[in-house]
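S.K.: I am attaching a structure below and will ask some questions about it afterwards.
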Amino acid sequence: MLGEIKGLNEECGIFGVWGHPESAQLTYYGLHALQHRGQEGAGIVTTDGEQLKLHKGHGLINDVFSQDQLKELHGKASIGHVRYATAGDGGYENIQPLLFRSQTGGFALAHNGNLVNAHALKSQLEAQGSILQTTSDTEVVAHLIKRARHLPLADAISEGLTMIKGAYAFLMMTEEAMYVANDPRGLRPLCLGYLGDSWVVSSETCAFDIIGATYEREVMPGELLIISDEGIESRRFSAPIQRTLCSMEYVYFSRPDSDLDGKNVHASRKRMGKSLAKEAPIEADVVTGVPDSSISAAIGYAEEAGIPYELGLIKNRYVGRTFIQPSQELREQGVKMKLSPVRGIVEGKRVVMVDDSIVRGTTSRRIVKMLKEAGAKEVHVRIASPPIKNPCYYGIDTSNSGELIAANHSIEEIQQIIGADSLSFLTPEGLNEAIYEGQESLEHGGCMACFTGNYPTEIYPNTAHPYEKA
């Protein structure tokens, strides 16, 4: 994916195993499958039934863990995390899982999502004497659970979860049990599987495939699972609410070989491309997609339009992340390093360039320019999602509205800015139909707040957002 240069990134991925002697190794492989969800840090916590052990660090999974370090993380259970920093900064202390120790035992916590009332809860906790060790909103949950120490842990977790608002998929672990929770609206994906007698939990089903686990089911919105040597128990900490799974999971974030809510991501993206071809046809010679997340939609567009699909853009998979470059000039050069037009395919052709989204427009402009410099006669841009006009407060780093090109410009203006010969976006109705195949209405489907501005939860006055400028 090109998230680093597109300004669109998922917060993280979580993975856990209970009841396997090589739990750390399995979690390591599971996190590999979820690496697309976060590349800034990773960590694993294991338990052998007596103590919790943690290893974490900055970078990719391969950078953080060696074989010797994995051998040190022996135990029957583990939880792991890959992180992209949205809430809080990128400091070491914010890399998850977070591990807390007390006289009554250890407690590890991994979180995917963002809490919209974290600022208010932090102020309340600090006023009551709590000292927060990180700037991550995840730590709030540990403090809320600990303050309910008069209750059994599962009840304390349930009580703590009722106090937080927003998007969250949690993996929590003590020496004796693992706790799995999904927010009442199921905004972030979370699924349950098994490997022999072991239970496995993951942000995406693709991680099950890499370790040979079998998918069991989704973790339901408002559900708390308790997994231990005694088995698995399910309880509710919230009354059922209509699920609003993030639509951008289908559009961009999840791997195409994952299934979300029973629907394959690749198939959903192909349907988005087909819907886009119906809504925005154009006479052209070839269709190409921007690697990687747009390929499925481009194939769907080409099939529906009856135009050949070609590899007009090639991705170089061995280039470092562009955002670490020290100057804007080098960042722009980074786009050319990551993507190369295939001159023999696009030269002299009318090209339909299918992409999944436009955030700021800078990358689209550079790609259109590259295609035309490679000889494309015309470049018609088709976006397999609606215009992103609103910030996301649930764990995606879409910037404040001032930096979202669609919030400040019409489609005609965006077309001129990126230099395209034409530009069209998929409508919200088309996206909803492509994902749910008519099974859900627009009002009761996935979360489309970044497109429509209709947020499924209350947005608090001091909702923290890492790129929001006061």
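The values are calculated or read from the model by the stated rules, or taken from the named source; none is laboratory data. Since the structure is predicted, the reported quantities are computational estimates derived from the model, not experimental observations. Note: ideal-geometry Cβ built from the backbone for every residue, glycine included; neighbour counts use all protein chains shown. Surface areas here come from the heavy atoms of the whole protein model, side chains and all, with no ligands, DNA or RNA. Shrake-Rupley method; radii C 1.70, N 1.55, O 1.52, S 1.80 Å.
S.K.: Ordered by residue, what ³J(HN,Hα) values in Hz, to whole numbers, does region 39-51 give under the Karplus form 6.51 cos²θ - 1.76 cosθ + 1.60, where θ = phi - 60° and Gly and Pro are x?
M.R.: 10, 8, x, 8, x, 9, 10, 10, 10, 9, x, 10, 8
S.K.: Same structure again: Once amide H atoms are placed 1.01 Å from N in the peptide plane, what residues at a sequence separation of 5 or more from Cys392, or on another chain, have their amide H within under 5 Å of its amide H?
M.R.: Thr398
S.K.: So, one more: Rounded to the nearest 500, what is the chain's calculated 222 nm mean residue ellipticity when only DSSP H runs of at least 4 contribute -39500 (n - 2.57) each, over all residues? Provide the component values of the computation, followed by the final result.
M.R.: On the way: 17 runs with 138 residues, N = 470.
That comes out to -8000 deg cm²/dmol.
S.K.: Please state the shape class of region 105-172: rounded when a/c is under 1.5, otherwise prolate if a/b exceeds b/c and oblate if not, all from the C-alpha gyration tensor.
M.R.: Details: a/c = 1.42, a/b = 1.10, b/c = 1.29.
Since a/c stays below 1.5, the shape of region 105-172 is classed as rounded.
S.K.: I'm checking a number: the convex hull volume of the Cα atoms of region 47-133, normalised per residue, in Å³. What is it? Write down the numbers at each step before the final one.
M.R.: Numbers: hull volume 9.9 nm³, N = 87.
It is 114 Å³ per residue.
S.K.: Can you pull a Stokes-Einstein diffusion coefficient for region 109-251 at 37 °C (0.692 mPa s), Rh from Kirkwood over Cα pairs, as a whole number of µm²/s?
M.R.: 207 µm²/s
S.K.: With r as the distance between the Cβ atoms of Met163 and Ser228 and R0 = 30 Å, compute the FRET efficiency 1/(1 + (r/R0)^6) and round to 0.05.
M.R.: Working: r = 25 Å, r/R0 = 0.82.
That pair, Ser228 with Met163, gives E of 0.75.
S.K.: On the protein heavy atoms, probe 1.4 angstrom, tell me the percent of accessible surface of the chain carried by carbon and sulfur. Can you show the working numbers first?
M.R.: Details: 8910 of 18150 Å².
Roughly 49 percent of what the probe reaches on the chain is carbon or sulfur.
S.K.: How large is the dipole of the chain about the Cα centre if only Lys and Arg carry +1 and Asp and Glu carry -1, each at its Cβ, rounded to the nearest 20 debye? Mind dumping the intermediate values first?
M.R.: Details: 44 positive and 59 negative charges, 198 e Å.
With only Lys, Arg, Asp and Glu charged at Cβ, the dipole is about 960 debye.
S.K.: In addition: Evaluate the distance, in nm, between pseudo-label points positioned 7 Å from the Cα of Asp68 and of Tyr92 along their respective Cα→Cβ axes.
M.R.: Here the answer is 1.8 nm between the modelled labels.
S.K.: Let me ask something additional. Would you work out which of Leu311, Gly49, Leu276 lies farthest towards the positive end of the dipole of the chain, given +1 charges on the beta-carbon of Lys and Arg and -1 on that of Asp and Glu, about the Cα centre?
M.R.: Leu311
S.K.: Using alpha-carbon positions, what is the distance between the centroids of region 165-184 and region 87-137, in Å?
M.R.: Using only Cα atoms, the two centres lie 14 Å from each other.
S.K.: Give the peptides 232-244, 38-50 in descending order of average Cβ contacts within 10 Å, highest first.
M.R.: Values: 232-244: 15.0, 38-50: 22.2.
Listed from highest to lowest mean packing, they are 38-50, 232-244.
S.K.: Run through all the Cα pairs of region 206-308 and give the fraction in each 5 Å bin from 0, expressed as whole percent.
M.R.: Spelled out per bin, shortest first, that is 2, 11, 16, 16, 15, 13, 9, 7, 5, 3, 2, 1, 0.
S.K.: Next question. Calculate how steeply helix 295-305 sits against the longest principal axis of the alpha-carbon atoms of the chain, using the helix alpha-carbon long axis, and give the answer as 0 to 90 degrees to the nearest 10.
M.R.: Between the helix axis and the principal axis of the chain, the angle is about 40 degrees.
S.K.: Using the Cα gyration tensor of region 190-257, with a ≥ b ≥ c the square roots of its eigenvalues, what is the shape: rounded (a/c below 1.5), prolate (a/b larger than b/c) or oblate (neither)? The partial results should precede the final answer.
M.R.: Numbers: a/c = 3.48, a/b = 1.09, b/c = 3.20.
It comes out oblate by the Cα gyration axes.
S.K.: Take the alpha carbon gyration tensor of region 381-438, find the square roots of its eigenvalues, order them as a ≥ b ≥ c, and report rounded if a/c is under 1.5; if not, report prolate when a/b exceeds b/c, else oblate.
M.R.: Oblate.
S.K.: Might you tell me the accessible area per residue for the chain, computed with a 1.4 Å probe and given in Å²? Walk me through the numbers before you get to the answer.
M.R.: Values: 18150 Å² over 470 residues.
Here the residues of the chain average 39 Å² of exposed surface.
S.K.: Where a Cα-Cα gap under 30 Å defines reach, which lysines qualify for Lys71, not counting those fewer than 8 residues away within the same chain?
M.R.: Lys53, Lys56
S.K.: Just subtract the alpha-carbon distance of Asn316 and His150 from 0.36 nm times their residue separation and send over the number in nm, one decimal.
M.R.: Values: separation 166, 0.36 × 166 = 59.76 nm, distance 5.53 nm.
Between Asn316 and His150, full extension yields 54.2 nm more.
S.K.: Still on this structure: Could you check how many percent of all C-alpha pairs in region 132-214 are farther apart than 17 Å?
M.R.: Working: 1882 of 3403 pairs.
Above the 17 Å cut-off, region 132-214 has 55 percent of its Cα pairs.
S.K.: In whole angstrom, note down how far apart the Cα centers of region 395-427 and region 219-236 are.
M.R.: Here the two parts' Cα centres lie 42 Å apart.
S.K.: Which angle from 0 to 90°, rounded to the nearest 10, does the C-alpha axis of helix 118-127 make with the longest principal axis of the chain?
M.R.: That helix lies at roughly 30 degrees to the long axis.
S.K.: Taking the simple approach of a point 7 Å from Cα along Cα-to-Cβ for both Lys278 and Glu429, what is their distance in nm?
M.R.: Label at Lys278, label at Glu429, 1.1 nm between them.
S.K.: Taking the chain, how much of its Cα-Cα pair set, in percent, is spaced more than 35 angstrom apart?
M.R.: Details: 33816 of 110215 pairs.
Cα-Cα pairs of the chain separated by over 35 Å account for 31 percent.
S.K.: Rank Ala376, Ala169, Val141 by how far each Cα sits towards the positive end of the charge dipole of the chain (+1 on Lys, Arg Cβ; -1 on Asp, Glu Cβ) and give me just the farthest.
M.R.: Ala376
S.K.: Okay, moving on. So if I place +1 on the C-beta of Lys and Arg and -1 on the C-beta of Asp and Glu, and nothing else carries charge, what would the dipole magnitude of region 187-330 be about its Cα centre? I want it in debye, nearest 20. List each step's numbers first, then the result.
M.R.: Numbers: 15 positive and 21 negative charges, 66 e Å.
Rounded to the nearest 20 debye, it is 320 debye.
S.K.: Now a separate question. Relative to the present Cα-Cα distance, how much length would full extension add between Ser401 and Gln124 at 0.36 nm per residue of separation?
M.R.: Working: separation 277, 0.36 × 277 = 99.72 nm, distance 2.88 nm.
Stretched out fully, the Ser401 to Gln124 stretch lengthens by 96.8 nm.
S.K.: Taking the 0 to 90 degree range and rounding to the nearest ten, how far is the long axis of helix 265-279 tilted relative to the main principal axis of the chain, both from C-alpha atoms?
M.R.: Long axis of 265-279 versus the principal axis of the chain: about 30 degrees.
S.K.: Given a Förster distance of 60 Å, report the FRET efficiency between Arg343 and Leu132 from their Cβ-Cβ distance, rounded to the nearest 0.05. The partial results should precede the final answer.
M.R.: On the way: r = 55 Å, r/R0 = 0.91.
Calculated transfer efficiency: 0.65.
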